[in-house]
Structures are given as C-alpha cells and as structure tokens.
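A.B. asks: Got a structure for you, questions after.
The values are calculated or read from the model by the stated rules, or taken from the named source; none is laboratory data. All values reported here derive from a predicted model rather than from experimental measurement. With ideal geometry, Cβ positions are generated from the backbone for all residues, glycine too; neighbour counts draw on all protein chains shown. For accessibility, only protein heavy atoms count, side chains too; no ligands or nucleic acids. Shrake-Rupley method; radii C 1.70, N 1.55, O 1.52, S 1.80 Å.
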Amino acid sequence: MNDSTSTQAHPKLQRFLDKFTDISVKIGNQVHLRSLRDAFATLMPMFILSGVAGLFNNIVFVWLFKGETLVKFQNFGLALNNGTLNVASILIAPMIAYFLAKNKSFDNPISASAVALSSVFIMLALHVSVTPIGAKKAVDVTGAILYSQIGTTGMFAGIIIGLLATEIYMKLSKVKALKINLGDQVPPAVGQSFSVLLPSLITLSIFGIIAALFAAYNADLVTLISRLIQEPLRSVNTSLPGFLLIYSTGNFLYTLGIHQTVINGSLLDPLNLVNMNENSLAFAAGKQPTHIINTDFVTVYSQMGGTGLTIALIIAVFLVSHYKPYKEVAKLGMVPGIFEINEPIIFGFPIVFNIPMIIPFVLSPVIGSLIGYFATAIGFVKPLCIYIPWTTPPLISGLLASAGDWKVVLVQIIILFVCTLFYIPFIKISERVALKQAELYKA
C-alpha cells in the first residue's frame, strides 16, 4: 500500500492534514510574520560579522598580542559590536517597516523605515542612570542613549514599535485629506516627501504623546516591552520543552511540503537570536555565556546537514541501502547537504508525504538537541558563543561556534552516529514501500 492510499483509507487523518496544512500556510503567509523573517534575513550578515569580530578579539588577537597592544587591537571587535549587536533594536525596526510596507504594496516603503526608526528613538527613556568610570554610585543623566536600551534587550521593542508605527503611518497615508499635492513641477522626491508629511507628523506625535505619558511616571515603553513580553516569551520558547515542541512542529510541517520557517522563523529565530547575541557579547567581554539554546545551537546540534539532520540519512543510505534510486538521490544531495542545503533529499528522496521517513525526520533533530543540550548542561561543553552562518558544514560549525572547543566536535560526531543508526530501520521500511509501489504500478 502506498502512502497516498493509506491516507485515503483514513479520511479523518486526511481531513486533519488538509486543515493543518491550510492553517499553517495562512500563518506562514501572514504579512507581519513574513516581514519579520525578511528583516532578520537582511540583518543576518551584520550579526555574523559580530561573531567573527568576537573570534578575532578573544582568540586570534590573544595569541598575537599582549598588554596595551592587545587592548588597542580589541577595539576592532568592540567597535563592530557597537555597530551590530549593540544597536539591534534600531536596526530591526526600519527593516521590518520597509518589508511590511513593501509586502503591503505601499508606494513609499523607505519613508516607512524613516518613521519607524524615529519612533524607536522617541520611545527611549528620557533619563537614564549611568555609573561614571571610577565612581561607586550611579547618577541620572539626560540626553544619553545606552547601548543596553538599543541592543538585544530592546529587540522586541524595536519589532513591536516598528510594526505599529508602520501600520499607523500607512493607514494615515491613505487618507486623502492628509495628502499635500505640490503638482508635477516639483522633483518627485520632494513631492513624495510633502505627500506623506502630515501622516509622518501625526504618527510621530502619537508616539511622542505615549513617551511623555511614560516619562511622567519615570518609565519607558522599550523597558516595559522587554520585561513584560520579550523576557517571558524567551523563557518559554527557548526552554528545552518549548524549543523541542516548536522546532518539531516546524519540521513536521516540512514533511507536508511547508517550509519549517513558517513556524520556526517566527516563534524561535528572533528569541534564539537574542540569546545568541547575549552569548556573543558575554564572550567578547571575557565572561561565561549562559544561554544553551540559541541560533548556533540549532546549526550545530539540531540541524546538521539541513533540517531533519538529513546528513545522517545520507550516511545511512551509503551504509545499508541497496535501492538504486535512494543511492542516486543520496549522491546528488551529499554536497549540498554538507552546506546544510537539503531540498534535494527532502523532495527527491522524498521526505515529503513519505510516511516511513516522517518519524526519523522529525525526531532526529530532537535526538541531536537533547544530546547537545545535556552535554552543555553537565558542563562537558560550554554554550556556543560565536555566531556562524547556517551554511557552515558539520564539525567545522562546532569548532567555530565554540571558539575552537574540540569537545563540541566530538558531541557532533556522537549525534551523527546515533541519528545514522536511527535512520537505518526507517530506510529499510521506506525501501519496501517503494518496491511494493513499483510492483503495483507494473501490475
């Protein structure tokens, strides 16, 4: 019996899968979540650069220099951190605004970015507490912006303010009474600026009023969002149970032909990135990183060789499979799989709608995550702290993400070994199903 026949034999299961798929597609196509994923994809090179800078500051420069010379060279990494991780909230807000405006076919998305960026600065605290160098007590100052406000701590604030400011601005821009038309004789850029002048003024004034109300009670919206939304959500989604549930759901969607970023890209990536950035900053400051689950955790332990840990599937095929189509697909997918690109396996093997392969595809990342998590929790390895590209090959990824800890590579080898063994019986079952299908087609 082939897979399509088995689902037809269970109409309730088919109806559930159809409904689940429809809901997942709607979530994945939701314009705000799509804009959020686009924004993070755009900023990823900057965060990776910060990880590379940390690697130079704490590994390369430490080998080459000492004393005052080392301190001077480490300013390189500090400067890059200040321009990337430490301004994450004011980077993400205009990016989200731009992609949201673009995805909603707004005719002037760059102006939406300007409004969103200005809105974030408006909502920052008017008074901050700082401790001068050499002083024992903190003092209150005005006219200062702290990196702690505009860095990863304020990332969710940047996301929310960026979304709200853009929505308000675009709605006001559609009101004809608020448009100022200077005619066709002025340069287009000038005409567009005046066309959105009043919507911009009103949007920023709304945020100005909110900021003034918060300031009256010695508070600010950025800190409030961080404490009431970002931190509780992060504690749940990046806990081991929360991470496994969300990540496994995303992988299951992939077996239905829906990319896992529909779920993971929206619910996990922003929070994993906050954890990753805090680990990178701790490492750059010579401190111990504390977050086990972060962006690198997925690349190094959960997703080696692509979603579903399919590099283990490829190895298992080479070891035990005698079915020529599978061996040909494995040969085709080997090189892309080394660089975490596994669409040839997912759609060529296939994994999609292949009932025998769904189980190991969904559970292998769980196995990898559990091994990586507990290896870190017991202190065998440290939390990963160098942000690396997701396309970094297995084993190399562990060495780089851990700043050169060979024990992380050993953990990766153990994960590959266990998951390869786990895939083997399901490959055998899938082969039998494929052979029976071929017999039915011949008949």
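A.B. asks: What does the highest-first list of 352-362, 274-284 look like by mean Cβ count within 10 Å?
C.D. replies: 274-284, 352-362
A.B. asks: Taking the Cα centre of the chain as the origin, how large is its charge dipole in debye, to the nearest 20, when only Lys and Arg (+1) and Asp and Glu (-1) carry charge on their Cβ atoms?
C.D. replies: 380
A.B. asks: Here's another thing I want to ask about it. Please find, in a Gaussian network model of the chain (springs between Cα atoms separated by less than 10 Å), the residue of 414, 314, 351 whose mean-square fluctuation is greatest.
C.D. replies: Among 414, 314, 351, the largest mean-square fluctuation in the Gaussian network model of the chain belongs to 414.
A.B. asks: Given the rule -39500 (n - 2.57) for each run of at least 4 DSSP H residues, summed and divided by the residues of the chain, what is its mean residue ellipticity at 222 nm, to the nearest 500 deg cm²/dmol?
C.D. replies: -21500 deg cm²/dmol
A.B. asks: Using alpha carbons only, how many degrees (0 to 90, rounded to 10) separate the axis of helix 109-122 from the longest principal axis of the chain?
C.D. replies: Roughly 60 degrees between the two axes.
A.B. asks: Then there's this: How about the range 223-328: which trypsin sites (Lys or Arg not before Pro) there are in a DSSP loop, with at most 12 other Cβ atoms within 10 Å of their Cβ?
C.D. replies: Within the range 223-328, the qualifying trypsin sites (Lys or Arg not before Pro) (loop, at most 12 other Cβ atoms within 10 Å) are 287.
A.B. asks: Counting only protein heavy atoms, what percent of the accessible surface of the chain is carbon or sulfur at a 1.4 Å probe?
C.D. replies: 69
A.B. asks: How would you rank 129-139, 103-113, highest first, on the average number of other Cβ atoms within 10 Å across their residues?
C.D. replies: Top to bottom by mean Cβ count within 10 Å: 103-113, 129-139.
A.B. asks: With every protein chain kept in place and ligands, DNA and RNA left out, what is the accessible area per residue of the chain? Probe 1.4 Å, answer in Å².
C.D. replies: Each residue of the chain exposes 48 Å² on average to a 1.4 Å probe.
A.B. asks: Run down the lysines and flag those whose C-alpha is under 28 Å from the C-alpha of residue 382, throwing out any fewer than 8 positions away in its chain.
C.D. replies: Candidates past the 8-residue exclusion: 66, 72, 287, 407.
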